[in-house]
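Let me begin by presenting the structure, written as structure tokens, before commenting on it.
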Amino acid sequence: MKIMKFGGTSVAHASNINKVIDIILESLKRGENIVIVVSALSGITDNLIMLANLALKKDLKYKTIFQNIYGRHNQAIKELINSKNKEKVLKKINKKYSELEKSVKNIFSAQELSLASLDLVMSFGEQLSSFIIGEGIKSRGISCEFVDSREVIKTDDNFGSANVDLEKSYRLMSDCFKGKTLSIMGGFIASTKNGETTTLSRGGSDYTASLVGAALNASVIEIWTDVDGIMTEDPRKMKNALLIPEISYEKAEEMAYNGAKVIHPKTIRPAVLKNIPIYVKNTFNPKGQGTRISNGIETQ
């Protein structure tokens, strides 16, 4: 079993998502069972937070943000889904839009934005992206099962940065993914035992991938992003940044907690406990070596 997580500009729009699907299909050819974890489309979580805050202030500009969110997802559907299935997919996505509108109207009416309400609004980024990318894969003639993360990852009610009930979640994930060849789910989102939507803190999709990997005793967890791996410096700021081809769990965790944005700090722990290697790879350079995070000897 392999876990593949895609986020950032990898899922910014349809042309990038097609690159993601190509990578997934290449792995399938090798006979691997795969769980795909995806982030929201690039920038959408920030839009959703803005949406909730404008609704709180009764600022009608929130309706423009709605249109931008719908426009981006509908455009992705238009480009990814074949004409035969497009109408059916749009019908399903419109139900999600209605749920989001209802949540935001409740904030507008009550003039109150609790952390629980904000988690619910933010969750729509991953709800929408995972559904659309799953349908994009199906459009290529490949069977792919959509899984609602909130049904398999259970947390406490510490909204905004919920703590995962590992025992319960691992059992639910193990049961859910047993015998499945290809599944897709949204990262970052979960729910309480009462079914209230929670989030695992910003950037938490990497952590989701690691949790799924640990639950399923995966052979590998792959974090696909828009850089070649973990670098000696931030490559966006330093042109002479070098790739670190192999690094220990401990060192990677330390770098993440010290602000290295390529991987979420919580990602390492579940993998360490099951000794599952994590690879950080570049969606736009899939043949690149990437960085391997493991118990092996760290080299630079």
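The values are calculated or read from the model by the stated rules, or taken from the named source; none is laboratory data. All values derive from a computational prediction rather than experimental measurement. Note: ideal-geometry Cβ built from the backbone for every residue, glycine included; neighbour counts use all protein chains shown. Side chains are part of the model used for accessible areas, which takes the heavy atoms of the whole protein and leaves out ligands, DNA and RNA. Shrake-Rupley method; radii C 1.70, N 1.55, O 1.52, S 1.80 Å.
So which of 81, 107 is touching a residue at least 24 places away in the same chain (Cβ under 8 Å), touching a helix residue (DSSP H, G or I) at 6+ places or on another chain (Cβ under 6 Å) and more than 22 Å from residue 42 (Cβ to Cβ)? Matching residue, one of 81, 107: 107. Taking the criterion of being touching a Leu at 6+ places or on another chain (Cβ under 8 Å) and either open to solvent by 70 Å² or more (accessible area, probe 1.4 Å) or under 22 Å from residue 264 (Cα atoms) (or both), the residues of region 171-186 that qualify are 173, 181.
Please name all residue pairs, on different chains or six or more residues apart, with Cβ atoms under 7 Å, provided the first residue is in region 48-67 and is of a type in the set (Lys, Arg) and the second residue is not in a loop (DSSP other than H, G, I, E, B). Between residues of region 48-67 that are of a type in the set (Lys, Arg) and residues that are not in a loop (DSSP other than H, G, I, E, B), the close pairs are 58/108; 61/54.
Do we find a residue being of a type outside the set (Lys, Arg), more than 30 Å from residue 177 (Cα to Cα) and touching a residue at least 12 places away in the same chain (Cβ under 8 Å) anywhere in region 127-135? No - not one qualifying residue is present in region 127-135.
For region 144-194, residues that are among the polar types (S, T, N, Q) and within 30 Å of residue 25 (Cβ to Cβ) total 5. Of the residues making up region 6-22, those that are open to solvent by less than 20 Å² (accessible area, probe 1.4 Å) and touching a strand residue (DSSP E or B) at 6+ places or on another chain (Cβ under 7 Å) are 6, 7, 10, 11, 20.
Taking the listed residues 162, 218, 209, the one that is modelled with pLDDT of 95 or more, out of contact with any Ser or Thr (no Cβ under 9 Å at 6 or more places or on another chain) and either assigned to a loop (DSSP other than H, G, I, E, B) or open to solvent by less than 10 Å² (accessible area, probe 1.4 Å) (or both) is 218, with no other qualifying. Only residues that are under 16 Å from residue 139 (Cβ atoms) and in a helix (DSSP H, G or I): list them for region 24-39, please. Listed by number, the residues that qualify are 24, 25, 28.
Given the condition closer than 15 Å to residue 54 by Cα, open to solvent by 60 Å² or more (accessible area, probe 1.4 Å), modelled with pLDDT of 95 or more and of a type in the set (D, E, K, R), answer yes or no: does some residue in region 110-120 qualify? Checked against the condition, which is being closer than 15 Å to residue 54 by Cα, open to solvent by 60 Å² or more (accessible area, probe 1.4 Å), modelled with pLDDT of 95 or more and of a type in the set (D, E, K, R), region 110-120 yields at least one hit.
For the residues 189, 263, 223, 244, the requirement of being at pLDDT below 95 and under 15 Å from the mean Cα position of the chain (by Cα) singles out 263.
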